[in-house]
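Q: Just passing along the structure, written as structure tokens.
The values are calculated or read from the model by the stated rules, or taken from the named source; none is laboratory data. Just so you know, these numbers come straight off a predicted model, no measurement behind them. Glycine gets a Cβ as well: all are built from the backbone with ideal geometry, and neighbour counts include every protein chain shown.
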Amino acid sequence: MDGLRGDGLRVDSPAGRWVLAATVLGSAIASIDATVVGIALPAIGRDFDAGLASLQWVLTSSSA
């Protein structure tokens with residue numbers, strides 16, 4: 001390991017808590033985004049007169 005102590009980032013440290021909070025928040029936002037797009041997809045299709053292929057692009061772009 002060439003001088004690395006291996007202590008790493010711990011959850012009981014202030015920095016560790018921030019990293020954990022940011023990770024959980026980022027995961028929650030991604031999940032909410034996927035849910036919102038899935039629920040709104042029929043309305044998007046109607047409003048823009050989009051076919052199935054176009055709606056697939058919307059799903060693909062929201063998950064990227």
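Q: Select from region 19-51 the residues that are part of a helix (DSSP H, G or I), free of Cβ contacts under 8 Å to residues at least 24 places away in the same chain, surrounded by 10 or more Cβ atoms within 10 Å (Cβ to Cβ) and small (Gly, Ala, Ser) and list them in ascending order.
A: Listed by number, the residues that qualify are Ala21, Ala22, Gly26, Ser27, Ala28, Ala30, Ser31, Gly38, Ala40, Gly45.
Q: For Leu9, state whether it is at pLDDT below 85, surrounded by 10 or more Cβ atoms within 10 Å (Cβ to Cβ) and either in contact with a strand residue (DSSP E or B) (Cβ under 9 Å, 6 or more places away or on another chain) or outside any helix (DSSP H, G or I) (or both). Break it down stepwise before answering.
A: On the way: at pLDDT below 85: yes; surrounded by 10 or more Cβ atoms within 10 Å (Cβ to Cβ): yes; either in contact with a strand residue (DSSP E or B) (Cβ under 9 Å, 6 or more places away or on another chain) or outside any helix (DSSP H, G or I) (or both): yes.
Considered against the rule, which asks whether it is at pLDDT below 85, surrounded by 10 or more Cβ atoms within 10 Å (Cβ to Cβ) and either in contact with a strand residue (DSSP E or B) (Cβ under 9 Å, 6 or more places away or on another chain) or outside any helix (DSSP H, G or I) (or both), Leu9 comes out as yes.
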